[in-house]
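All remarks here apply to the structure that follows.
The values are calculated or read from the model by the stated rules, or taken from the named source; none is laboratory data. In this text the structure is predicted, and so the values were computed from the model without any measurement. In this analysis, Cβ positions are derived from the backbone assuming ideal geometry, glycine residues included, and neighbour counts consider all displayed protein chains.
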Amino acid sequence: MELAWSFFVWSAGICLSVVLVLQLLQVKARNSSRQLPPGPPRWPIVGNLFDLGKAPHRTLAGLVQKYGPVIWLQLGAVNTVVIQSTKASRELFKNHDLTYSGRTITEVMKAGSFDQGSMAIAQYGPYWRKIKRIVVTELSGSKQFNETASMRKRSVDKMIQWIDEEAQAKGRVCLANFVFLANCNLVGNLVLSRDLLDPQCKEGAEFLNAMEGLMIGGGKPNVADFFPILKWLDPQGIRKKMEKDMGHAMQIVSGFVKERIAKPQSGERKERKDLLDVLLEQEDTREDEPDKLLERDMISLILELFMGATETTSSTIEWAMTELLRDSKTMSKVRTELAQVVGENRRINESDIEKLPYLHAVVKETLRLHPPIPFLIPRRAVEDNNFMGYFIPMDTQVFVNAWAIGRDPDSWDDPLSFKPERFLGSDIDYGGQHFELIPFGAGRRRCAGFTMGHTVLHLALGSLLHCFEWELDEPITPENIDMEERLGITLRKNVPLELVPKTRDVFNKK
Ligand code: HEM
């Protein structure tokens, strides 16, 4: 009896211990799967907000060695995870794209209810799906893209002409301004069939002014984004100023929309439907998607296309030209290619682009080192999830540091040098399939203007190099040219590039 009793006690003890150990292991496993990524120590309340400095993309890239490529930050009240290597970016876009397909909406984007109609900050869902499909088809569908080639050529040709006129009047030009204006003109034509820069278009100058305000306001860090309690106070007055500029820009676009509704079949547009026609007429309704777009939503969307196309392209061309002027060998290689493929008797056309591998390599290398939107447009985790062994709570803001990824030493040899040759004979491109080069983003939220951006970058840069000889404005030399960056709505060159263009013979050709 005693033996049976002691057997029972021992067995119960062993079972209990096993259960306890299993429970402990379970708790440990649960805790470890809820472990946040590592990151720098946080201050009370403000967290890491004041640790990032003026160039957060650089500061954060500098933390990879200490904390690894997935970093946790507390920006005031906002949980933030930063992705900073090719491996982590591949994991995000290949296996977690849907989980990270939300967006964080900043205070300025709420001005004039812009966020309600925007595509770029729309949450992933039926409205976003509908407008993305329409915009991508209208800007990049092969039929529509072919039909609008003449518009792109005309915008670039006008830019070349304006540059020549400015050079004759002043001797030098601020390059990025002209690229900005050319893209503004192009979007105006594609979307509204309007030359906003034509002196006949009286709203054009006002619109450009309002756009400038939007670009400046949109790029300012706003303390109210990090402490929801301050939203009502708007301590820096950023939202107030943005309401004014946004209101003004929206009013002008609204005038164009109303005019179109009143007179649907006027002028040049009869030849082709522009994006506004398509938005007004669209009836392609799919399950769950809204039937019609509201006028307010169309206005936000149109404004967004102007914003999306202008700064990104002008900043990229400014950096490309800066890098080429610092390196005469690279400049001469790209010019030689243009001379061989296009020749001196005509200007470059879109059909030449595919035959210019060195020009492609220059554009890729520029976007690798100077992605205009270095953190992409911040994503948001739409649910709790596990990312590379770390717990990421729902609503975490996600920065994908394309700037750091373009310099990831595991992906790039001599990552800090401008060497277009690295792309010759390589299949790496920025279409969203190669996660080491993601200046246009990747996955569902990849840039909606990718095809247009890609084509215009080549057409505009190729034309600038083919039609002019470029010199730096004294006393600037290739050795002392300022390479400082300024992060606003895009990552621009801090000191705008001023150049002296000299027309070449091909300038007078078509
Ligand atoms: C050099 C040219 C350009 C660059 C480098 C660029 C870059 C980007 C990036 C990084 C994103 C965010 C992608 C992500 O979150 O994964 C984006 C989104 C977007 N871009 Fe671009 N962009 C360029 C040109 C354009 C043009 C020409 C347009 C339109 C005419 C445009 C319209 C948009 C829109 C609407 C979105 C939001 C897409 C979405 O949220 O689904 N972009 N772009």
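Do we find a residue being among the charged types (D, E, K, R) and either within 16 Å of the ligand (Cβ to nearest atom) or under 21 Å from Val398 (Cβ atoms) (or both) anywhere in the range 108-126? Walk me through how you get there before you give the answer.
Looking only at the range 108-126, we keep the residues that are among the charged types (D, E, K, R), and these are 110, 115.
Right, trim to either within 16 Å of the ligand (Cβ to nearest atom) or under 21 Å from Val398 (Cβ atoms) (or both) and you get 110, 115.
Yes, because at least one residue in the range 108-126 is among the charged types (D, E, K, R) and either within 16 Å of the ligand (Cβ to nearest atom) or under 21 Å from Val398 (Cβ atoms) (or both).
Hey, can you tell me all the residues within the range 288-330 that are touching a residue at least 24 places away in the same chain (Cβ under 8 Å) and more than 16 Å from the ligand (Cβ to nearest atom)? Explain how you work it out, then say what you get.
Narrowing the range 288-330 to residues touching a residue at least 24 places away in the same chain (Cβ under 8 Å): 288-290, 293-328, 330.
Scanning the range 288-330 gives Asp288, Pro290, Leu294, Glu295, Arg296, Leu324, Leu325, Arg326, Asp327, Ser328, Thr330.
Going by the structure shown, is Gly213 loosely packed, with under 15 Cβ neighbours inside 10 Å and part of a helix (DSSP H, G or I)? Write out each step before concluding.
Values: loosely packed, with under 15 Cβ neighbours inside 10 Å: no; part of a helix (DSSP H, G or I): yes.
For Gly213, the condition - loosely packed, with under 15 Cβ neighbours inside 10 Å and part of a helix (DSSP H, G or I) - is not met.
Among residues belonging to the range 443-467 that are hydrophobic (A, V, I, L, M, F, W, C) and within 6 Å of the ligand (Cβ to nearest atom), point out the one that is nearest to Leu369 (Cα to Cα). Give the steps one after another, and end with the answer.
Looking only at the range 443-467, we keep the residues that are hydrophobic (A, V, I, L, M, F, W, C), and these are 447-448, 450, 452, 456-457, 459-461, 464-465, 467.
Now drop any that are not within 6 Å of the ligand (Cβ to nearest atom), which leaves 447-448, 452, 457.
Values: Cys447: 18, Ala448: 22, Met452: 21, Leu457: 16 Å.
Only one residue fits best here, namely Leu457.
Taking the criterion of being among the polar types (S, T, N, Q) and more than 16 Å from Asp115 (Cα to Cα), would at least one residue in the range 229-244 satisfy it? Spell out how you get there, then give the answer.
Taking the range 229-244 first, the residues among the polar types (S, T, N, Q) are 236.
Still in the running and more than 16 Å from Asp115 (Cα to Cα): 236.
Scanning the range 229-244, I find at least one residue that is among the polar types (S, T, N, Q) and more than 16 Å from Asp115 (Cα to Cα), so the answer is yes.
Take the range 365-400 and flag every residue that is surrounded by fewer than 18 Cβ atoms within 10 Å (Cβ to Cβ) and either within 12 Å of the ligand (Cβ to nearest atom) or among the small types (Gly, Ala, Ser) (or both).
Answer for the range 365-400, where residues must be surrounded by fewer than 18 Cβ atoms within 10 Å (Cβ to Cβ) and either within 12 Å of the ligand (Cβ to nearest atom) or among the small types (Gly, Ala, Ser) (or both): Ile377, Gly389.
Return a yes/no flag: does the range 404-418 have any residue that is on the phi > 0 side of the Ramachandran plot and among the aliphatic types (A, V, I, L, M). Working first, answer last.
First pass over the range 404-418, keeping only residues on the phi > 0 side of the Ramachandran plot: 414.
When the remaining residues are screened for being among the aliphatic types (A, V, I, L, M), the result is none.
No, the conditions are met nowhere in the range 404-418.
Any residue at all in the range 27-35 that is at pLDDT 95 or above and surrounded by 17 or more Cβ atoms within 10 Å (Cβ to Cβ)? So that I can check it myself, show each step before the final result.
Here is the first cut: in the range 27-35, the residues at pLDDT 95 or above are 35.
Going one step further and asking which of them are surrounded by 17 or more Cβ atoms within 10 Å (Cβ to Cβ), we end up with none.
No, there is no match, as no residue in the range 27-35 is at pLDDT 95 or above and surrounded by 17 or more Cβ atoms within 10 Å (Cβ to Cβ).
Can you give me the ranges of the helices (runs of 4 or more DSSP H) entirely in the range 96-210 with at least 1 residues that are under 18 Å from the mean Cα position of the chain (by Cα)? Steps first, please.
Numbers: elements: 114-117, 126-140, 142-147, 149-170, 175-192.
Passing ranges, in order: 114-117, 126-140, 175-192.
So is Leu416 part of a loop (DSSP other than H, G, I, E, B) and touching a strand residue (DSSP E or B) at 6+ places or on another chain (Cβ under 7 Å) or not?
Details: part of a loop (DSSP other than H, G, I, E, B): yes; touching a strand residue (DSSP E or B) at 6+ places or on another chain (Cβ under 7 Å): no.
It is false that Leu416 is part of a loop (DSSP other than H, G, I, E, B) and touching a strand residue (DSSP E or B) at 6+ places or on another chain (Cβ under 7 Å).
Output the residues belonging to the range 431-441 that are hydrophobic (A, V, I, L, M, F, W, C) and more than 6 Å from the ligand (Cβ to nearest atom). Give the derivation first.
Of all residues in the range 431-441, those hydrophobic (A, V, I, L, M, F, W, C) come to 435, 437-438, 440.
Selection gives Phe435, Leu437, Ile438.
Could you tell me which of the residues Lys87, Lys66 is at pLDDT 95 or above, of a type in the set (D, E, K, R) and within 18 Å of Asn386 (Cβ to Cβ)? Lay out the reasoning, then the answer.
Working: Lys66 fails: within 18 Å of Asn386 (Cβ to Cβ).
Matching residue, one of Lys87, Lys66: Lys87.
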